[in-house]
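Notes for the one structure printed next.
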Ligand code: FDP
């Protein structure tokens with residue numbers, strides 16, 4: 001069967017009453033911006049886009065030229081579309097309302113323009129992550145506080161991965177679907193409908209160099225994974241860590257696994273390493289729509305009540321039985337120490 005385009009998929013969703021025209025056009029605009037980012041990344045050193053921008057973001061992280069460029073591409077593409085009331089990005093201190101009343105819509109867009117940016121200069125997959133919320137009723141000029149909605153209220157989430165091929169993984173709350181960019185035609189084509197993350201897995205993803213800084217339940221959980229067949233889990237586990245969340249999550253979308261960035265002594269004060277609003281929540285929505293699970297280790301991710309735009313959280317997501325297993329270690333520790 002010939003794959004259908006993203007445009008056709010979105011029109012079919014609109015006809016089925018699952019999205020409205022504004023959300024359809026908003027997703028098209030984001031997808032178009034991602035194609036531009038993909039082209040810039042594809043040029044690599046020849047495009048003069050590699051290396052540091054010489055600036056820092058709100059989180060005190062050094063920005064790469066491509067972080068700044070990707071942010072600008074997404075801002076420019078979405079400013080005049082007429083579907084948004086405001087947008088927020090990892091790279092900006094505060095959210096931005098859409099100033100022009102005539103071109104203002106009812107959605108809020110959050111994005112991490114280029115996730116995994118420490119991998120840019122070494123030609124390893126990076127990506128864009130985004131989340132769409134409704135602007136609360138009666139709010140015409142949204143501020144940061146209007147974005148602070150739990151992940152359960154997301155109406156759409158997606159990520160792209162700029163790797164050997166550029167892929168877009170998308171949910172509007174009715175399953176998770178995978179699209180591959182046909183570079184010659186410039187169109188995203190659906191290559192997997194309704195993906196399902198296997199419930200069980202033998203693969204985990206974590207930055208093991210942080211092991212000594214983890215909390216005791218995480219230490220015990222991973223120690224038991226490493227004991228393999230001879231241990232309490234009675235099976236051998238494999239480990240993978242790309243260090244680009246999009247690439248690690250994409251592997252899990254493709255063949256299952258558990259991805260974790262737990263609390264550790266280095267990030268405890270900040271609440272975790274990964275950002276709730278534009279990393280953990282959109283990925284949690286995508287993973288849950290694919291039959292997987294996502295948790296902080298102590299709470300379903302999508303039910304966390306956000307307190308800040310750039311809030312950080314511990315993350316466990318992927319194959320649902322394995323995520324439940326990791327949560328069990330945390331529950332047991334909180335109960336018995
Ligand atoms: P990066 O800092 O390179 O943007 O978003 C944070 C993130 O990458 C994730 O994409 C990735 O999973 C993680 O951090 C990598 O963390 P480590 O450097 O600790 O491996």
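Throughout, read-outs are computed from the coordinates displayed, never taken from laboratory work. A quick note: this is a predicted structure, and the numbers were derived from the prediction, not measured. Methodologically, a virtual Cβ is constructed for each residue, glycine included, from the backbone with ideal geometry; neighbour enumeration extends over all protein chains shown.
Under 8 Å for C-alpha pairs, at least 6 residues apart: give me the relative contact order for the chain, rounded to a whole percent. About 15 percent, as a whole number.
By the count of neighbouring beta-carbon atoms within 10 Å, fewest first, 283, 301, 218 end up ordered 218, 301, 283.
Take the Cβ atoms of residue 94 and residue 118, set R0 to 22 Å, and the FRET efficiency comes out at 0.35. Ranked by the mean number of other Cβ atoms within 10 Å of their residues, highest first, the peptides 294-300, 107-113 come out as 107-113, 294-300. Counting every other Cβ atom within 10 Å of each residue's Cβ, 129, 37 order from fewest to most as 37, 129.
Sort 95, 234, 165 so the one with the fewest other Cβ atoms within 10 Å of its own Cβ comes first.
Ascending Cβ contact count within 10 Å gives the list 234, 165, 95.
Angle of helix 65-79 to the longest C-alpha principal axis of the chain, folded into 0 to 90 degrees and rounded to 10: 50°. Applying 0.36 nm per residue to the separation of residue 61 and residue 299 and subtracting their alpha-carbon distance, the gain on full extension is 82.9 nm. Ordering 312-322, 62-72 by mean Cβ neighbour count within 10 Å, with the highest value first, yields 312-322, 62-72. Figure legend: label point modelled 7 angstrom from the Cα of residue 255 along Cα→Cβ; residues of the stretch 199-216 with amide N under 14 Å from it are 201-205. Computed packing ranks the peptides 41-47, 187-193 as 187-193, 41-47, most packed first, by mean other Cβ atoms within 10 Å. Helix 21-43 axis versus longest C-alpha principal axis of the chain: approximately 70°, rounded to the nearest ten.
What does the extension gain come out to for residue 243 and residue 229, with contour length at 0.36 nm per residue minus their alpha carbon separation?
2.3 nm
Between the helical axis of 245-255 and the longest alpha-carbon principal axis of the chain there is an angle of about 70 degrees.
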